[in-house]
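Each remark here refers to the structure printed beneath this line.
The values are calculated or read from the model by the stated rules, or taken from the named source; none is laboratory data. The structure displayed is predicted, hence computed values, not measured ones. Quick reminder, even Gly has a Cβ in these numbers, built from the backbone with ideal geometry, and neighbours come from all protein chains shown. Surface accessibility is based on the protein's heavy atoms, side chains included, excluding ligands, DNA and RNA. Shrake-Rupley method; radii C 1.70, N 1.55, O 1.52, S 1.80 Å.
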Amino acid sequence: MSNGQRRLPHLDPGEVRVAPSILSADFGMLASEIASITPATDWLHVDVMDGHFVPNVSIGPPVVASIRRHTALFLDCHLMMTDPGDYLEPFSSAGADSLSVHVEVGGTAALCAEMRRLGLGVGLVVNPETPIDSAFSHLDLIDLLLVMSVHPGFGGQSFIPETVAKVAAARQEIDRRQLEVTIQVDGGIDVHTAPLMAAAGARCFVAGSAVFRPVDHLAAAEEILAAAAAEVSA
Ligand code: DX5
Ligand code: ZN
């Protein structure tokens, strides 16, 4: 299956998305794991770890290319890499729809320009210990601002409550400048934490273990989405 024409990761005001993270899926049966959650969403979060920016190693462009052949979902690839610049084109060719790079690795403006040139959605990620205003000077360049709510590297960690205030600050800045930037949150997101982040202004909810640990992945994804949506429409 091909992704056809690429879309950008824009959501309409009031729209919410759950983005299941395949990091917690069974890698031995990825296609069926992805199919199981597809009725709940049109986004899939793909965690790429280089063993350097984070201690863990996960997957690279060949696996993204394989996933692409099995799904039309929007492939939102989170690059936990020290040198993402070397991999933008390979991930683009593999069929990624958007790539998100960490602000901590530097060279943000050039990385964003290259992602834009490749026709990709442009994402920027801020770690829990990194001040949120480090992303503010780049907001004009991006489509997606990913605020990490755990330290990147592993699934199944506990949500860091202090990150809620960072989402609220980002929401305020994005609205003040009337920008069309989607705020995404990632780490420890479940039916309890998604509403907190939705109230603060997040609209895209990455969830790994909360979706793929329960036997019924689809119900789990739908419950997270409903919990977030209830907060946004309240
Ligand atoms: C963590 C990754 C996350 C991870 C989230 O480094 O960026 O996307 O899959 O997993 P949970 O939802 O289990 O915290
Ligand atoms: Zn992630």
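General remarks:
- For the range 1-32, the set of residues classified as in contact with a helix residue (DSSP H, G or I) (Cβ under 7 Å, 6 or more places away or on another chain) and at pLDDT 95 or above consists of V16, V18, P20, I22, S24, A25, D26, L30, A31, listed by residue number.
- None of A169, A194, A199, A228 is farther than 19 Å from L23 by Cα and crowded, with 24+ Cβ neighbours inside 10 Å except A228.
- The sole residue among S66, S100 that is of a type in the set (S, T, Y) and within 12 Å of ligand 1 (Cβ to nearest atom) is S100.
- Pair list, Cβ under 8 Å, 6 or more apart: the range 44-56 residue free of Cβ contacts under 8 Å to residues at least 24 places away in the same chain, other residue hydrophobic (A, V, I, L, M, F, W, C): G51/V57
- Qualifying residue in the range 215-232 (condition: outside any helix (DSSP H, G or I), more than 24 Å from V48 (Cβ to Cβ), touching a helix residue (DSSP H, G or I) at 6+ places or on another chain (Cβ under 7 Å) and touching a residue at least 40 places away in the same chain (Cβ under 8 Å)): no
- Flag if A31 is away from ligand 1 (no atom under 14 Å from the Cβ), open to solvent by 10 Å² or more (accessible area, probe 1.4 Å) and of a type outside the set (F, W, Y): yes
- The set of residues in the range 12-29 being away from ligand 2 (no atom under 16 Å from the Cβ) and at negative phi consists of D12, P13, E15, V16, D26, G28, M29.
- Test: residue in the range 144-162 that is more than 12 Å from ligand 1 (Cβ to nearest atom), open to solvent by less than 10 Å² (accessible area, probe 1.4 Å) and touching an Asp or Glu at 6+ places or on another chain (Cβ under 8 Å): yes
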